[in-house]
1. On full extension of the chain, what length is gained from residue 19 through residue 6, given 0.36 nm per residue of separation minus the C-alpha to C-alpha distance?
2. At 7 Å along Cα-to-Cβ for each site, give me the label-to-label distance between residue 119 and residue 50 in nm.
3. Accessible area, 1.4 Å probe, largest first: how do 15, 94, 107 sort?
4. With a cap of 16 neighbouring Cβ atoms within 10 Å, and only residues DSSP puts in a loop, list the trypsin sites (Lys or Arg not before Pro) found in segment 70-114.
5. Cα centroids of segment 32-91 and segment 107-172: how far apart, whole angstrom?
6. Hey, what number do you get for the chain at 222 nm if only DSSP H runs of n ≥ 4 count, each worth -39500 (n - 2.57), divided across all residues, to the nearest 500?
7. Place a label point 7 angstrom from the Cα of residue 77 along the Cα-to-Cβ direction, then list the residues of segment 27-54 whose backbone nitrogen is under 18 Å away.
8. Note the full-extension length gain between residue 97 and residue 27 as 0.36 nm times their separation in residues minus their Cα-Cα distance, in nm to one decimal.
Amino acid sequence: LRFIEENCPEGNISVSVKTFSTRVKTIFEATPILSSNLDELIGKLKKIYSEDETDIGLALQKMHTTGPEQYNIFLSDGDANQGIKHPVGLAECVDKNAINTFIGFGVGHNPRIFAALSNTKDSTYYFIATIEKSKNAYAEILGRILYKCMDAVTIEVAGGKIYNYKTNTLES
């Protein structure tokens with residue numbers, strides 16, 4: 001949230017956060033990220049706690065698209081032990097109209113489920129073994145999402161050149 005607030009035009013990105021166990025709980029819904037509400041939103045995130053059971057299918061069904069260019073980021077450290085449990089059945093619950101990222105934390109998550117989820121349209125899967133190893137995955141995910149929020153970007157270079165990967169040349 002801090003990165004979005006610092007790097008995107010104010011109000012250009014809205015974020016929803018939901019948690020799940022055997023039910024889905026909305027922490028906040030489609031809220032524009034503003035300097036004026038950043039502390040409040042972060043405070044709400046700090047109150048999230050883990051519960052025992054995991055109904056991945058229910059959570060996936062509650063993530064369906066509500067607006068244009070929706071990006072879903074689904075995180076879990078567990079297995080589907082309630083509701084739909086089979087990877088193929090869970091993949092059928094994925095929102096095909098959104099861009100989806102699935103993150104499995106630690107060795108306790110079920111990689112077969114996450115692989116099936118990421119085999120759906122516009123979906124990727126990240127395995128994060130420890131929290132210390134998460135920053136590269138988050139950088140890629142944010143880059144994938146936020147490159148669209150940048151408009152009319154100007155790059156100025158003093159005393160150097162920029163590599164143009166399309167032409168394989170250095171340009172002033």
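The values are calculated or read from the model by the stated rules, or taken from the named source; none is laboratory data. The shown structure was predicted, so the numbers you read here are calculated from the model rather than taken from an experiment. Every residue, glycine as well, gets a Cβ built from its backbone with ideal geometry; the counts of neighbours run over all protein chains shown. In case anyone asks, the SASA skips ligands and DNA or RNA and just uses the protein heavy atoms, side chains included. Shrake-Rupley method; radii C 1.70, N 1.55, O 1.52, S 1.80 Å.
1. 2.2 nm
2. Here the modelled spin labels are 2.8 nm apart.
3. 107, 15, 94
4. Details: sites: 85, 96, 112; in loops: 85, 96.
Within segment 70-114, the qualifying trypsin sites (Lys or Arg not before Pro) (loop, at most 16 other Cβ atoms within 10 Å) are 85, 96.
5. Each part reduced to its Cα centre gives a spacing of 21 Å.
6. Only helices count here, giving -7000 deg cm²/dmol.
7. Within reach of a label on residue 77: 45-54.
8. Values: separation 70, 0.36 × 70 = 25.20 nm, distance 2.29 nm.
Here the segment from residue 97 to residue 27 would lengthen by 22.9 nm.
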